[in-house]
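Structure first, commentary second.
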Amino acid sequence: MSDKKFGFIGAGNMGGALATAVSKTTKNVLIADFFKDKAQQLADKLGVNTADNQTIAGECDYIFLGVKPQMMADMLSEIKDALASREKSFVLVTMAAGLAIETIREMAGGDYKVIRIMPNTPVSVGEGEILYCKSENTTDDELQIFLTNMKLAGGLTPISEELMNAGCSVSGCGPAFVYMFIKGLAKGGESCGIDPETSLKLASQTALGSAKLLMESGIDADTLIKNVCSPGGSTIEGVKSLEADNLEEIIAKAVDASYKRNVELGKQS
């Protein structure tokens, strides 16, 4: 169990999911949220404690900044004095889309150590993806402690900060796109006579298993597609329909739209 203290400012979907992951390796966790009842409910569920923003800023070794990009400047302004009064080292962990490490430092009022991450919501069930990069003054040991305590969240992938907005558009925004595909798959099953609950289960498990096969088999996606498609069979007819509707281009366009918004969020800070 880590002797480091982890603090979460913001107990929303993402902050709560990350707190859940960390609490599986250590109970040395504090949670704060504008809505105190929300923070207390999450803390009770995880077996950890609540605190206010200033306490977390003044005591925690890793301070997770779980607020929306548009709210980051105001929140950091509130805890700026608490951060400045610290004598021992600490690391700010930001998950705000579009906000660069240097932007976080400027808002916080110091040349602080920062780990920038982009997690996705499946971290709450241990099957997420977390992209990360660090400031030059964050040590390898500090990064390793962070990674060790996040290991039960899912995958952890280093990425250059220049590509963080792009990576966020794939793994951070991607779950919403995948859920839309699963909904469509299930809807198709319903139109063929399957009850909604069973159809959704079939679609969800199919998506889960297909992703696992792609990741673990070492076989590329095009080959896996061909492996399912027997000549003159039913799958190839469905694939032809998706190709006619340019499914891959539609999804790529969605990623591009998300990427452009991430860039805009950074410019608005």
### Query
Relative contact order for the chain using alpha-carbon pairs under 8 Å, separation at least 6, rounded to a whole percent?
16 percent
### Task
Just the ratio, please: alpha-carbon radius of gyration of the chain over 2.2 N^0.38 Å, N its number of residues.
1.14
### Query
With Cβ to Cβ distances under 12 Å as the rule, what net charge do the other residues near residue 38 carry (K, R +1; D, E -1)?
-1
### Message
Quick check: net charge around residue 249, other residues with Cβ under 12 Å of its Cβ, Lys/Arg +1 and Asp/Glu -1?
### Response
-3
### Message
Pairs of alpha-carbon atoms within less than 8 angstrom and 6+ residues apart define the contacts here; what relative contact order does the stretch 1-98 have, in percent?
### Response
30 percent
### Summary
Sparse-neighbourhood loop hits (GluC sites (Glu not before Pro), the stretch 101-144; DSSP loop; Cβ within 10 Å at most 10 others) -> 136
### Task
State to the nearest 20 debye the size of the charge dipole of the chain about its Cα centre, where the only charges are +1 on K and R beta carbons and -1 on D and E beta carbons.
420 debye
### Message
Keeping all protein chains in the complex and leaving out DNA, RNA and ligands, what accessible area do you get for residue 192 with a 1.4 Å probe, in Å² to the nearest 10?
### Response
110 Å²
#### Entry: DSSP-defined beta bridges in the chain - what % are antiparallel, rounded to 5
20 percent
### Task
Go through 47, 65, 128 and say which Cα lies farthest out towards the positive end of the charge dipole of the chain; charges sit on Cβ, +1 for Lys and Arg, -1 for Asp and Glu.
47
### Message
Only four residue types carry charge here, +1 at the Cβ of Lys and Arg and -1 at the Cβ of Asp and Glu. Report the dipole size of the stretch 159-204 about the Cα centre in Debye, rounded to the nearest 20.
### Response
160 debye
#### Entry: the stretch 169-269, relative contact order in percent, only Cα pairs under 8 angstrom and at least six apart counted
31 percent
### Query
How many angstrom separate the Cα center of the stretch 55-102 from the Cα center of the stretch 113-148?
15 Å
### Task
Sequence neighbours fewer than 8 away in the same chain don't count; with that in mind, list the aspartates and glutamates whose C-alpha is under 19 Å from residue 5.
33, 44, 52, 59, 61, 87, 140, 141, 142
### Magnitude of the charge dipole, the stretch 50-169, Cβ model with Lys/Arg +1 and Asp/Glu -1, debye to 20
180 debye
### Task
Please give the per residue volume of the convex hull enclosing the alpha carbon atoms of the stretch 212-269, rounded to a whole number of Å³.
104 Å³
### Query
Where in the chain are the helices, taken as whole DSSP H runs, whose Cα atoms extend 27 angstrom or more along the long axis and whose Kyte-Doolittle mean reaches at least -1.0?
196-217, 247-268
### Message
Given a 1.4 Å probe and heavy atoms of the protein chains only, how would you sort 38, 45, 260, largest accessible area at the top?
### Response
45, 260, 38
### Task
Would you list, by chain and number, the lysines whose Cα falls below 28 Å from the Cα of residue 183, excluding same-chain residues fewer than 8 positions away?
68, 201, 212, 226, 240, 253, 260
### Mean shadow area of the stretch 130-205 over all directions, Cα convex hull, nm²
6.3 nm²
### Query
What is the sum of charges around residue 78, taking Lys and Arg as +1, Asp and Glu as -1, for the other residues whose C-beta is under 14 Å from the C-beta of residue 78?
-3
#### Entry: All-pairs Cα distance distribution in the stretch 92-233, expressed in whole percent, bin size 5 Å
2, 8, 14, 16, 17, 13, 9, 8, 6, 4, 2, 1, 0, 0
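The values are calculated or read from the model by the stated rules, or taken from the named source; none is laboratory data. What you see is a predicted model; the values in this text were computed from it and never measured. Cβ atoms come from the backbone with ideal geometry, glycine included; neighbour counts cover every protein chain shown. Heavy atoms of the whole protein, side chains included, go into the accessibility calculation; ligands, DNA and RNA do not. Shrake-Rupley method; radii C 1.70, N 1.55, O 1.52, S 1.80 Å.
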